[in-house]
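A.B. asks: Input: one structure, supplied below.
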Amino acid sequence: MKGYYAENKDLSNKVIVIVHGYTANYYMSLQFLDLYLNEGFNVLLIDSRSHGSSEGKYVTYGMKEKKDLKLWINLLKNKLGENISIGIHGQSMGASTALMYAGEYKDVDFIVSDCTYSSGRDILKYQFKYIVKIPPYPLYQMVNTMIKLKCGFSMNEVTPINGVFNLDIPILFIHGKNDKIIPYTMSLDMYNIRNNNKDKILIIENADHVESYMYDKVNYTKSIKVF
C-alpha cells in the first residue's frame, strides 16, 4: 500500500488520515491538505487497496479496507507515539470504511464522513433501481453471490450504520442534497439514529456525489473548523 505523509511545520501530536472513495486515489484528498495543515494536523493521504499506486485485485466496500486502515494507524502510532490524536476524513467508500473501522477498533478521536452509504446491500439495490434502472431482485442476489465467491465477503456484511451505534466519538456528517449515487438520506438517517450531541451534520444544497467541497467550499471549511 502507498501513502503520502505531510508533516506539519509546527510540532503536533494530531494526525488526520484522509481516505478517498471508489475509483479515486490520493489526488482527490489533496484538496483538504491545506485545511488540516492550517488547523495544526499532520496529514496522511493514502491510496486504498487496488487504487492509485497501491496493490490489490478487488475493492471490498470497506470490509478489507478497514483492516488496511488499522495498519496505517498502527504505523502512525509507531512513528509518533501512542498518545497522538487521530481523526479520519473519508469520502464515499472512504467515509463508510472510516465508520466501520471506528466501530470495530474504537481507537480514533473523530470522523468527518462525507457522503457515506449506510449499508452495502441498500446502496447496491438503490443503484440498480435508480441508476441502472433494473429491478434489484433477483439481480442483487446474483451479484452478491459472485462477490462472495470471488472476494470472500457479502455485501450484507457492509454495514457502516451498525458501526456507529455504540461509538461515542464525534462525527461530522456531510452530504450533497443532490447526490445521485448515494442519497443524502443515508447520512441523515445515521445522524438521527446516533442522536449524539457531539455530532454535526451539513447538507449542501444542489451538490452531487463528492461535490460538496467544490460546490460550497466556504461552508464546508467552516463546518470542519467549528467541528
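Read-outs throughout are calculated quantities, based only on the coordinates presented, and are distinct from any laboratory measurement. As the structure is a prediction and not an experimental result, all values here were calculated from the model. Neighbour counts are summed over all protein chains in view; Cβ atoms, including those assigned to glycine, are modelled from backbone coordinates with ideal geometry.
A.B. asks: Considering every pair of different Cα atoms, what Kirkwood radius, in Å, is found for the stretch 171-227?
C.D. replies: Value: 11.4 Å, from the Cα pair sum.
A.B. asks: Taking the Cα centre of the chain as origin and charging only Cβ (+1 Lys, Arg; -1 Asp, Glu), how large is the dipole, in debye to the nearest 20?
C.D. replies: 540 debye
A.B. asks: What do you get for Rg/Rh of the stretch 88-143 when both radii come from the Cα atoms and Rh is the Kirkwood radius?
C.D. replies: Taking Rh as the inverse mean 1/r over Cα pairs, Rg/Rh reads 1.12.
A.B. asks: So what's the stretch 22-119 giving for Cα Rg divided by 2.2 N^0.38 Å, two decimals?
C.D. replies: 1.03
A.B. asks: Hey, another quick one. For I73, I16, I131, what ranking results if the residue with the fewest other Cβ atoms within 10 Å of its Cβ goes first?
C.D. replies: So the ranking, lowest neighbour count to highest, is I131, I73, I16.
A.B. asks: So, one more: Over all alpha-carbon pairs of the stretch 82-205, lay out the pair-distance distribution in 10 Å bins, whole %, shortest bin first.
C.D. replies: P(r) for the stretch 82-205, in whole percents per bin: 13, 42, 31, 13, 1.
A.B. asks: How are the C-alpha pair distances of the stretch 131-181 spread across 10 Å bins, as whole percents from the shortest bin up?
C.D. replies: 18, 30, 37, 16
A.B. asks: Next question. Kirkwood Rh over alpha-carbon pairs of the chain, then Stokes-Einstein at 25 °C and 0.890 mPa s: what D in µm² s⁻¹, rounded to an integer? List each step's numbers first, then the result.
C.D. replies: Numbers: Rh = 17.7 Å.
After rounding, the answer is 139 µm²/s.
A.B. asks: Quote to one decimal, in nm, the extra length available between K129 and Q31 on full extension: 0.36 nm per residue of separation minus the C-alpha distance between them. Each step should come with its number before you reach the end.
C.D. replies: On the way: separation 98, 0.36 × 98 = 35.28 nm, distance 3.23 nm.
Roughly 32.1 nm would be gained on extension.
A.B. asks: Still on this model: Have a look at F173, F110, F32 and tell me which one the Gaussian network model of the chain (Cα, springs below 10 Å) gives the largest fluctuation.
C.D. replies: Top of the fluctuation ranking is F32.
A.B. asks: Okay, which of the stretch 53-68 sit inside 15 Å, backbone N to the point 7 Å along the Cα-Cβ direction of Y5?
C.D. replies: none
A.B. asks: Turning to a different aspect of this structure: Counting only C-alpha contacts under 8 Å and six or more residues apart, can you give the relative contact order of the chain as a whole percent?
C.D. replies: Dividing the mean separation by the residue count of the chain yields 17 percent.
A.B. asks: OK, next. So, in Å, what gap is there between the alpha-carbon centers of the stretch 176-227 and the stretch 7-81?
C.D. replies: The stretch 176-227 and the stretch 7-81 have Cα centres separated by 20 Å.
A.B. asks: Another question about this same structure. Going 7 Å from the Cα of E211 toward and past its Cβ, which residues in the stretch 68-96 have a backbone nitrogen under 17 Å from where you end up?
C.D. replies: 92
A.B. asks: Continuing with this model, one more query. Can you give the extra length, in nm with one decimal, that the chain gains between F227 and N197 once fully stretched, where that is 0.36 nm per residue apart less the Cα-Cα distance?
C.D. replies: 9.6 nm
A.B. asks: Taking the beta-carbon count within 10 Å as an exposure proxy, list M214, M142 from fewest neighbours to most. Walk me through the numbers before you get to the answer.
C.D. replies: On the way: M214 13, M142 10.
Final ranking by Cβ density, sparse to dense: M142, M214.
A.B. asks: Taking amide H positions as placed 1.01 Å from N in the peptide plane, with prolines and chain starts having none, which residues 5 or more places from H89, or on another chain, fall under 5 Å of its amide H?
C.D. replies: Here the answer is V17, I18, V19, V112, since their amide H atoms fall under 5 Å of that of H89.
A.B. asks: In addition: Which pairs, out of K177/K200; K70/K106; K57/K77; K57/K148; K14/K200, put more than 18 Å between their alpha-carbon atoms?
C.D. replies: From the list (K177/K200; K70/K106; K57/K77; K57/K148; K14/K200), the Cα-Cα distance tops 18 Å for K57/K77; K14/K200.
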